[in-house]
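The values are calculated or read from the model by the stated rules, or taken from the named source; none is laboratory data. Please read all numbers here as calculations on a predicted model, not as lab measurements. Positions of Cβ are backbone-derived with ideal geometry, glycine not excepted, and every protein chain shown enters the neighbour counts. These accessible areas exclude ligands, DNA and RNA; they are computed on the full protein's heavy atoms, side chains included. Shrake-Rupley method; radii C 1.70, N 1.55, O 1.52, S 1.80 Å.
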Amino acid sequence: MSKALTYLAKSRPDAATHLLGFYKHSVQALDEKTRHLIQIVTKVTVGTERGLRQYAPKALKAGASREEILDAVLMAFPAAGLNKVLDAIEIMREMDLLPEIPDDTPTLPNDKHLGAMNDFPLRRMQTVQRPGANMIVFRTDETQAIVYSARCPHSKANLCKGTDHGDRVECRVHNWIFDLESGQCLNPAGNAGLEVIPSVVRDGQLILL
Ligand code: FES
């Protein structure tokens, strides 16, 4: 309950009881995620920034994806108009709730020298972002490392912006999780794994082939 409603419940209990009763009894057929998404549509339509900041994280927590939240914002367009929708998108950008833009950069960078092996931590995700490509390097021991394309095999999101779980990376868009030792998709299991970019270690330097 918002602080304003809490205040109202204390200062005007009769009015607040009916108001809260309305909310409680009038929305019974919708699941939590749908309710929050519809709340986002209404908040954008009336132009309340605070409401959007309140309900967008709730929708995310209830299982909505960033795309679904963005769709809810766009659903408000016929009633809200372009400016309110753009304001809402700016708020979502500030809150880091916008979906990733698919990474369509070519797989291989122009510069094939990725760095000294000692620059890469042992058994931890390390991102390498170059004008030509985004990559993830996973150094398995003193002398070996695996280089992956950071393009998510699901919908091409940039995994360099994913959640770093050390020896796993989680895509921020639909939360697929990849094992960096094998490149396999752990969750949902059995889906396409990471693309390996051939590389070699020469004189302690990691170089793409
Ligand atoms: S883009 Fe869907 S899980 Fe990565």
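May I ask you to give the percent of accessible area on the chain that is carbon plus sulfur, with a probe radius of 1.4 Å? Ligands and nucleic acids excluded, carbon and sulfur reach 53 percent. Taking the chain as the reference, fit the longest principal axis to its C-alpha atoms, fit the long axis of helix 82-94 to the helix C-alpha atoms, and give the angle between the two in degrees, 0 to 90, nearest 10. Tilt of helix 82-94: around 50 degrees. Taking the DSSP bridge list for the chain and keeping only pairs wholly inside it, about 95 percent are antiparallel. In summary, the lysines within cross-link reach of K33, defined as a Cα separation below 17 angstrom excluding same-chain residues under 8 places away, comprise K24, K43, K58, K61.
Just tell me which aspartates and glutamates come within less than 14 Å, Cα to Cα, of K161; anything on the same chain fewer than 8 places away is out. Result set, ordered by chain and number: D96, E100, D103, E170. Packing, taken as the mean count of other beta carbons within 10 Å per residue, orders the peptides 122-131, 34-43 from highest to lowest as 34-43, 122-131.
Mean-square fluctuations from a GNM of the chain, with a 10 angstrom spring cutoff on Cα atoms, peak among V27, V73, V46 at V27.
A Cβ-based charge dipole, computed about the Cα centre of the chain with Lys and Arg at +1 and Asp and Glu at -1, lands at about 920 debye. Per residue, the accessible area of region 113-208 comes to 47 Å² when a 1.4 Å probe rolls over the protein heavy atoms. When peptides 177-183, 17-23, 192-198, 51-57 are ranked by their average number of other Cβ atoms within 10 Å per residue, the highest-first order is 51-57, 177-183, 192-198, 17-23.
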